[in-house]
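The values are calculated or read from the model by the stated rules, or taken from the named source; none is laboratory data. These figures come from a predicted structure and were not determined experimentally. Positions of Cβ are backbone-derived with ideal geometry, glycine not excepted, and every protein chain shown enters the neighbour counts.
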Amino acid sequence: MNPEDLLLRASTPADLDALERMAAASAIGITTLPANRALLADRLARSAQAFSSADDASGEEIYLFVLEDTRSGQVVGTSGIAASAGFADRFYSYRNEMVVHASAALGASNRIHTLHLCHDLTGHTLLTSFYIDPAYEQSLAPQLLSRGRLLFIAEFAERFSDRIAAESPGLADETGRCPFWDAVGRRFFGMDYPSAETLTGGRNKAYIAELMPQSPIYVPLLPDEAQWAIGQLHPVAELPFSILLDEGFDAETYVDIFDGGPTVDARVALLRTVAGSRRWSRAGAATAVHDSPWQLVANTRRGEFRVVLSRASLDRAALALDERSSHQLHSAPGEPLRAAPLQADTGSRA
Amino acid sequence: MNNTPDCTLRDATAEDLPALQALLGHAPAWPLPAGQRRLLACDATGRPVATLRLCPDTGTAAPRYWYHVGCAVHAAAELQLFRRQPTLLLGNDLTGATELLELAMAVDAGAAMTALVRHAIAAAADTATDTAPDTVKPGPTTVFAELPGPLDGSGASPFWAGLGRHFYTGDPRAAEARHGDAWRSHVAALLPRQLVYTSFLPDDAQAVIGTAAPGALALRAALERAGLQYRQHVRIDDAGPVLECSRVPGAAG
């Protein structure tokens, strides 16, 4: 597969069939991609509105992107952004905290791991809904799918928070057995994890989080299996998670209140792709540039946002795109572009 | 004393020590610290059959801790969900109260013990030094006695195994042997300070909260006849119940 065949673009309502197929294939835990055609259609409509609206951002927007293999015309992945986590309500997380209990008389001092229900991430921009066709995992496609979103955030920063977070699914099996949920949530809900997922899917988690214990959870009181699950990833999430860690997200502080999966957070400006991106004017003449390092190159149109991988050549003033990338981006000469190097060191060859 | 005409209630003297040792199974503290009293109930022959130590101003020298057993409700009408469960909160609620401790009685001396406890409740009004009204500080107007919680077949407390053990890995009996009753004040520094939902504890630990050991049931009955009641406080190590009453004037009847 040629990376230049890949196109990340704003989704449209016409992507419903592809999205439904991916939602059915994605694991338990990707709550923002419900396997429900009506909910997905609604999601696409909201996304189309967010991309094209002339209004100022309210924070309610969700943006869904799809990754297309332009060779086949097939949609092979999706990713999303929620402008403001917990919009109009609260976004719940557990925050890891350590307390030290000590008794000099007994000669004992213990670090106790506790989980505090918190709203710290409310209002943060949230990366959501990552799914890629397994056939494309071992390529540059996941990089484009995940990081292309960050170019959108960098370009339209006024529509997003300066803080960003992303949830990852925690440990659960196909039958819905989830060690963290079974030790924590189940005691307060009396139902299994998929049932709770169904109840929260498509709406704010706050609805159900209010039923969770409001006092800190003392981790030593949980069964071993549940303790081990805290901050552990579902294997299906390893790839997108590693991309986020490479971007500079921190995975130490927060975990999901339902399955204990890690919730990463960062300052947007410090993310590698955002910090490394800049606006370029496009050089008039498209030339063959086969030996330049890979760049993530985006157009700067909100309503028709597109990102490609290209070996664009850069000089001080302008970015030269080959004809194919230029065509994929629907980019006109003179129109500004936003680009970030695929690799951290711009001098290296991909 | 009105319903136990054949028993005499009095303070212990040095001459009572051998009989007290037989009753308690260990040498009684003697002489007592200032403000404390050792009370006796003696049968018609003058033999001590019940004893206790009256200790005012509990926890005012070194802090004392108990769990308060409360209740948390998690409800969602939309889910037809309504769940309530007990909670444990560590606190010093009974600070300043009068404690009845080192209680012991002969077999079938329950009536004598009840009379002795009534006598002690009345005496508590004379020994307590803190006269703040109970709306300001609830502790000082309370008289209480702790009862041991049950142990399992191996001599360990299921409650300790379910909760305390996770916060202090040492042997509680070794710590008690070394530090005496003060070990509970020491170990409290290691225990959870925030609310603990009891559903996080194993079933056998939940089951014994507020339950007295079988060997203490006769004593519990004697204390309850004297007007002491379980008011949602338990010991922090074995969750044995704390029985309490208010030392209102005339409480001795």
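A few comments on the model shown:
- Residues satisfying the stated conditions in the stretch B:157-174, i.e. assigned to a loop (DSSP other than H, G, I, E, B) and facing chain A (nearest Cβ under 8 Å): B:Leu163, B:Phe167, B:Tyr168, B:Thr169, B:Gly170
- Scan the stretch B:1-54 for residues that are among the aliphatic types (A, V, I, L, M) and not in a helix (DSSP H, G or I) and the total you get is 15.
- Scanning the stretch B:70-129 for residues that are surrounded by fewer than 17 Cβ atoms within 10 Å (Cβ to Cβ), away from chain A (no Cβ under 13 Å) and assigned to a loop (DSSP other than H, G, I, E, B) turns up B:Asn92, B:Val107, B:Asp108, B:Thr129.
- Annotation: B:Pro48 fulfils all but one of (1) within 19 Å of the chain's Cα centre (by Cα); (2) under 20 Å from B:Pro31 (Cα atoms); the unmet one is (1).
- The residue that is farthest from A:Ser146 (Cα to Cα), counting only those in the stretch A:90-105 that are crowded, with 18+ Cβ neighbours inside 10 Å and without any contact (Cβ under 8 Å) to a residue 40 or more places away in the chain, is A:Ser103.
- Every residue from the stretch A:336-350 that is touching a Leu at 6+ places or on another chain (Cβ under 9 Å) and modelled with pLDDT of 80 or more: A:Leu337, A:Arg338, A:Ala339, A:Ala340, A:Pro341, A:Leu342
- Taking first residues from the stretch B:193-220 that are away from every other protein chain (no Cβ under 14 Å) and in a loop (DSSP other than H, G, I, E, B) and partners that are among the basic types (Lys, Arg) and surrounded by 15 or more Cβ atoms within 10 Å (Cβ to Cβ), the Cβ contacts under 8 Å between residues at least 6 apart in sequence or on separate chains come to B:Ala212/B:Arg220.
- Within the set A:Val289, A:Val268, the sole residue that is at pLDDT below 85 and either out of contact with any helix residue (DSSP H, G or I) (no Cβ under 6 Å at 6 or more places or on another chain) or crowded, with 18+ Cβ neighbours inside 10 Å (or both) turns out to be A:Val289.
- None of A:Ser109, A:Ser129 is crowded, with 18+ Cβ neighbours inside 10 Å and assigned to a strand (DSSP E or B) except A:Ser129.
- Some residue of the stretch A:29-37 being closer than 24 Å to A:Pro134 by Cβ and not in a loop (DSSP other than H, G, I, E, B): yes
- Test set (1) hydrophobic (A, V, I, L, M, F, W, C); (2) in a loop (DSSP other than H, G, I, E, B); (3) facing chain A (nearest Cβ under 9 Å) - B:Leu151 fails condition number: (3)
- Residue within the stretch B:40-50 that is touching a residue at least 24 places away in the same chain (Cβ under 8 Å) and closer than 17 Å to B:His233 by Cβ present: no
- Pick from the stretch A:163-199, criterion outside any helix (DSSP H, G or I) and within 11 Å of another protein chain (Cβ to nearest Cβ), ranking: farthest from A:Pro235 (Cα to Cα): A:Gly190
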